[in-house]
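The values are calculated or read from the model by the stated rules, or taken from the named source; none is laboratory data. Not measured: the values here are computed from a predicted model. Heads up, the Cβs are rebuilt from the backbone with ideal geometry, glycines too, and the neighbour counts pull from every protein chain shown.
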Amino acid sequence: MEEEQELKQAGRRKFSGLSLHSTHSIFSSKEPIRCPNQNQHFKFSWPVDGWTQKVENSAGQGFDSKHFKIKLNGVITVWNLSIRFWTNEEGKQISNPFLFCLNLLESKSSTSATVEVGYKFSVYNRAVEQYDEGPEGVTDVVLEKSDQIQSVGVENVSLEDNNYNHEGDILLQVRLSFNWGTSK
C-alpha cells in the first residue's frame, strides 16, 4: 500500500510542470500531419488565344497567364506562367523560339520549408492531338512568407505549324510535382 502511494507521488512529480492545457497542445496540431516523403502533383493548362496578335501587342515585354493558387502542406502559394521573348542583334523581338517560364509569385507561410519542385513544360500538338513535352526540370524552392517573384523554371520553346489551330491559338501546359522528402 505504501509502495502504491509512493508510485502515485512519483508519477505526479514527473508531470508537475504540465497542466492539462499544455499536454493537449503538445499532442494536437492545427494542420494535418503529412508523410515527409509525400508527393503532390498539379497540372495547369494555358490557352493562348490569338498568339500572333498577343505577340505584336506585347511590345517586347511578353505576357503572363492568370495566377493560380496551390496549397502545399498548409502553405498557400500563388504561381503564374509567363512568355518572354528573345531579341536579335538589331534589338528586334523574336517570337519563335520564346521563353516559357514558371514563376512563384507569393508564399504565405509562418515558417520556412524547402520543397523539391519538378516541372515539365508542354505545347499541344494538334496534328497528333497530344502534348509535345519538354525535358523535366527539378529545383529546390524555399517556401517562406514572401511576395517577391521567384523564377522557378524556364524552357526555350519553338512552335511549329501543328501547334496552332486555324485561328492562331496555341495551348501551353506545365506539370508540377512537389516532393517534401528529398529536399536538403
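Points worth noting:
- Listed by position, the strands (runs of 3 or more DSSP E) inside segment 109-184 whose residues that are closer than 18 Å to Gln40 by Cα and in contact (Cβ under 8 Å) with a residue 60 or more places away in the chain number at least 3 are 113-125, 170-179.
- Residue among Gln150, Gln130 that alone is more than 14 Å from the chain's Cα centre (by Cα) and more than 20 Å from Phe85 (Cβ to Cβ): Gln130
- In the set (1) closer than 20 Å to Trp79 by Cα; (2) surrounded by 15 or more Cβ atoms within 10 Å (Cβ to Cβ), Tyr131 fails one condition alone, (1).
- Residue check for Phe63: surrounded by fewer than 16 Cβ atoms within 10 Å (Cβ to Cβ) and in contact with a helix residue (DSSP H, G or I) (Cβ under 8 Å, 6 or more places away or on another chain): yes
Quick grid of which residues meet (1) surrounded by 12 or more Cβ atoms within 10 Å (Cβ to Cβ); (2) closer than 17 Å to Asn156 by Cα; (3) at pLDDT below 95:
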| site | (1), (2), (3) |
| --- | --- |
| Trp46 | yes, yes, no |
| Ser58 | yes, no, yes |
| Lys71 | no, no, yes |
| Ser82 | yes, yes, no |
| Phe85 | yes, yes, yes |
| Gln93 | yes, yes, yes |
| Phe100 | yes, yes, no |
| Ser110 | no, no, yes |
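- When Gly11 is tested against the conditions (1) small (Gly, Ala, Ser); (2) at pLDDT below 85; (3) touching a Phe, Trp or Tyr at 6+ places or on another chain (Cβ under 9 Å), the lone failure is (3).
- Being modelled with pLDDT of 50 or more, surrounded by fewer than 10 Cβ atoms within 10 Å (Cβ to Cβ) and touching a Gly at 6+ places or on another chain (Cβ under 9 Å) is a condition met by at least one residue of segment 17-37.
- Hey, Asp161 farther than 15 Å from Tyr119 by Cβ and in contact with a Leu (Cβ under 8 Å, 6 or more places away or on another chain) or not: no
- So Asn96, is it in contact (Cβ under 8 Å) with a residue 60 or more places away in the chain and at positive phi: no
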